[in-house]
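Trainee: Quick one: structure below, then a few questions.
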Amino acid sequence: NQARMESLSIATYQQGEDERYLRELMIIRDLPIALSQAQLHLVFQPKVDIQTNHCHGAETLIRWLHPELGFIPPDEFIRLAENSGNISIISEWVLNTTIKQLAKWQQQGISLTVAINLSAHDLTNPQLPLDIEQLLISNNLPITALSIEVTEGAVMKDAQTVIAVLQQFRNIGISIAIDDFGTGHSSLAYLKLLPVNEVKIDRSFIKDIHTDATDLMIVDTSIRLIKGLNLSVVAEGVESAEGIDILRKLNCDIIQGYVYSKPLKADDFIVWFQQFNQSNVPF
Ligand code: C2E
Ligand code: MG
Ligand code: MG
Ligand code: MG
């Protein structure tokens, strides 16, 4: 019986593995199609300055609604795009779509800063900073309209090359944020080395900050460290008003999280943005 149970669970496991493998193949196969068939879109999540209660902009996050698989989380398909050599076409799409949106907003008299997420592979392209600069200039956008977010992991893949590319972004005047801070391997050494402007503390340390004393201690210390280096600090994934209060007391600069807003489609985001900045309600 024991043996039968085991072979059953192995069979179930194998079936699960096969399904996962097929799903991944499908995702990799369909990525280029998704681009050409408008299955992708961007959503925007506000970044709020909690010392002034002002929203200066947002982060773009990609969404893919697959005709058969439904909503595919970006964590899943971005990783597969990276492994299958498809990430640059996605990043290019994100960049172009963001710039188009920024240009549209600018024509409506709305100026803001939008951050895009870049992958490790993008940061090995020494031409990218100048391409982005050109794109901003040709759309009559200020250099501050766009900023970039990169993870520590992305930097460590090929540190020398990546640091040179980041330096180029910095020279042009494009702001750089380290994303998911605290989840990489050598946070402190890299903070010293990298030409960054902003550090985003990972959601895993933030989500229970109002109940977990250890997380509170980690976040407090991280904020002191980051601010001590004269960098701006963002807390990701704040879900409660209590979280805002705590982070404000800890001197955190910027918050992103469901407590303010989930990522929104462009038109909904602008409605939120204008309402938020017009109301004087201190959250
Ligand atoms: P990230 O850049 O660290 O983005 C933050 C993630 O946390 C987003 O998930 C966002 O929706 C989620 N989030 C924000 N506030 C809250 C909150 O209060 N509660 C909870 N539970 N979640 C919150 P999303 O959109 O699923 O993206 C996941 C990751 O996928 C991103 O992490 C980023 O690494 C990657 N990604 C998304 N869009 C792009 C893209 O256009 N290009 C690249 N290269 N990566 C992207
Ligand atoms: Mg990000
Ligand atoms: Mg993050
Ligand atoms: Mg993340």
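Trainee: Of the residues that sit in the range 149-173 and are farther than 14 Å from residue 119 by Cα and out of contact with any helix residue (DSSP H, G or I) (no Cβ under 6 Å at 6 or more places or on another chain), which one is surrounded by the fewest Cβ atoms within 10 Å (Cβ to Cβ)?
Mentor: Ranking the qualifying residues of the range 149-173, first place goes to 160.
Trainee: I need the full set of residues from the range 174-186 which are of a type in the set (S, T, N, Q) and either crowded, with 18+ Cβ neighbours inside 10 Å or within 15 Å of ligand 1 (Cβ to nearest atom) (or both), in order please.
Mentor: First, pick out the residues of the range 174-186 that are of a type in the set (S, T, N, Q): 175, 183, 186.
Correct list: 175, 183.
Trainee: Can you name every one of the helices (runs of 4 or more DSSP H) wholly within the range 193-283 that holds 2 or more residues which are of a type in the set (A, V, I, L, M) and surrounded by 13 or more Cβ atoms within 10 Å (Cβ to Cβ)?
Mentor: The helices (runs of 4 or more DSSP H) meeting that bar are 213-228, 241-249, 266-278.
Trainee: Give the residues of the range 107-135 that are over 17 Å from the mean Cα position of the chain (by Cα), part of a helix (DSSP H, G or I), over 17 Å from residue 59 (Cα atoms) and touching a residue at least 24 places away in the same chain (Cβ under 8 Å), sorted by residue number.
Mentor: 124, 128, 129, 130, 133, 135, listed by residue number.
Trainee: Scan the range 108-121 and give yes if some residue there is within 16 Å of ligand 3 (Cβ to nearest atom), of a type in the set (A, V, I, L, M), at pLDDT below 95 and touching a His at 6+ places or on another chain (Cβ under 9 Å), otherwise no.
Mentor: No: the range 108-121 contains no residue that is within 16 Å of ligand 3 (Cβ to nearest atom), of a type in the set (A, V, I, L, M), at pLDDT below 95 and touching a His at 6+ places or on another chain (Cβ under 9 Å).
Trainee: So, one more: Determine, yes or no, whether residue 102 is more than 16 Å from ligand 4 (Cβ to nearest atom) and under 12 Å from residue 146 (Cβ atoms).
Mentor: yes
Each row is one residue, and each column tells you yes or no for (1) modelled with pLDDT of 95 or more; (2) closer than 15 Å to residue 252 by Cα; (3) more than 16 Å from ligand 2 (Cβ to nearest atom); (4) within 18 Å of the chain's Cα centre (by Cα).
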site: 151; (1), (2), (3), (4): no, no, no, yes
site: 160; (1), (2), (3), (4): no, no, yes, no
site: 172; (1), (2), (3), (4): yes, no, yes, no
site: 189; (1), (2), (3), (4): no, no, yes, no
site: 193; (1), (2), (3), (4): no, no, yes, no
site: 219; (1), (2), (3), (4): yes, yes, yes, no
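Trainee: Mind counting the residues in the range 33-78 that are more than 16 Å from ligand 3 (Cβ to nearest atom), loosely packed, with under 15 Cβ neighbours inside 10 Å and either farther than 16 Å from residue 273 by Cβ or hydrophobic (A, V, I, L, M, F, W, C) (or both)?
Mentor: 12
Trainee: Something else now. Can you run down the residue pairs with Cβ atoms below 8 Å, 6 or more apart or on separate chains, where the first is in the range 157-175 and assigned to a strand (DSSP E or B) and the partner is of a type in the set (D, E, K, R)?
Mentor: Pairs found: 175/198.
Trainee: Filter the range 103-130 down to residues that are over 24 Å from residue 270 (Cα atoms) and away from ligand 1 (no atom under 16 Å from the Cβ), then give me how many there are.
Mentor: So the count comes out to 4.
The values are calculated or read from the model by the stated rules, or taken from the named source; none is laboratory data. Small disclaimer: the values here were computed from a predicted structure and weren't measured. Note: ideal-geometry Cβ built from the backbone for every residue, glycine included; neighbour counts use all protein chains shown.
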